[in-house]
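Asks: This is the structure I want to talk about, given as structure tokens.
Each value in this text was obtained by applying a stated rule to the coordinates, not by laboratory testing. What you are looking at is a predicted structure, and each value in this text was computed from that prediction instead of being measured. Cβ coordinates were reconstructed from backbone atoms using ideal geometry, including for glycine residues, and neighbour counts include every protein chain displayed.
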């Protein structure tokens, strides 16, 4: 079934509005979103926003239901599962998506949809750890496996990356070298 030209235009406008909200949330905070700045970013009038949505809250809730703020899955395992390659791949992912992920985490407690998106990212991260460190995890008894997995999740989290790289101002080289030393020591302790 094809949509009428008017329905197609309405769908395109709605998508532009949603993308404007995603961009604004990546740049700022949920609390700072106004109908004026959403309309300006989307290239529509405030009146158009209210034609599509009956309130600012419904507009934002609809946009968050339709969009992911961080719309890229965790990286696939590298060809060679060396610790350096695993961490380089993760660092490249965080360089691209880390700031948006940290902002999402900070705002998750204020909006149910953001909380759900944060939980989904946490689940993706756990699966990433299980895949990339499978060789180390499989060799352990279940209790020790869970303990190591939890520690790997902490040490490869976007929060760790953010503190070490952004807050402490470490270069990517320093980050990767430090990460490798920490994780090598951890993995050695579980042999």
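Asks: Just to confirm the number: angle between the C-alpha axis of helix 142-155 and the first principal axis of the chain, 0 to 90 degrees, nearest 10?
Replies: For 142-155 against the chain, the angle is about 60 degrees.
Asks: Also: Once you put a point 7 Å from the Cα of residue 181 and another 7 Å from the Cα of residue 119, both along the Cβ direction, what distance in nm separates them?
Replies: Placing both labels 7 Å beyond Cα along the Cβ direction yields 3.9 nm.
Asks: For the chain, what is the mean residue ellipticity at 222 nm derived from helices alone (per DSSP H run of n ≥ 4: -39500 (n - 2.57); sum divided by total residues; nearest 500 deg cm²/dmol)?
Replies: Numbers: 10 runs with 136 residues, N = 191.
Using -39500 (n - 2.57) per qualifying helix, the result is -23000 deg cm²/dmol.
Asks: Run the quick spin-label model on residue 127 and residue 173: label points 7 Å from Cα toward the beta carbon, then report their separation in nm to one decimal.
Replies: 3.6 nm
Asks: Treating the chain as a set of equal point scatterers at the Cα positions, no solvent, please give the Debye-formula log₁₀ I(q)/I(0) at q = 0.10, 0.12, 0.14, 0.18 Å⁻¹.
Replies: The Debye formula, applied to the Cα set alone, gives -0.53, -0.70, -0.84, -1.14.
Asks: How much length is gained on full extension from residue 95 to residue 189, taking 0.36 nm per residue of separation minus their Cα-Cα distance? Each step should come with its number before you reach the end.
Replies: Details: separation 94, 0.36 × 94 = 33.84 nm, distance 2.91 nm.
Taking residue 95 through residue 189 to full extension adds about 30.9 nm, to one decimal.
Asks: Next up: How big is the gap, in Å, between the Cα center of segment 148-191 and the Cα center of segment 24-96?
Replies: 26 Å
Asks: How much FRET efficiency would the formula 1/(1 + (r/R0)^6) give for residue 76 and residue 55, where r is the Cβ-Cβ distance and R0 is 25 Å, rounded to 0.05?
Replies: 0.05
Asks: Indicate the gyration tensor shape class of segment 1-73 (rounded, prolate or oblate), computed on the Cα atoms with a ≥ b ≥ c the square roots of the eigenvalues: a/c under 1.5 is rounded; otherwise a/b larger than b/c is prolate and the rest oblate.
Replies: Numbers: a/c = 2.00, a/b = 1.31, b/c = 1.52.
Cα axes put segment 1-73 in the oblate bin.
Asks: Taking Cα atoms, how many degrees apart are the long axis of helix 56-66 and the longest axis of the chain, rounded to 10 and kept between 0 and 90?
Replies: Value to nearest ten degrees: 50.
Asks: Report the paramagnetic label zone for residue 15: residues of segment 21-50 whose backbone N is under 19 Å from a point 7 Å from Cα along the Cα-to-Cβ axis.
Replies: Only 21-24, 39, 41-45, 49 pass the distance filter.
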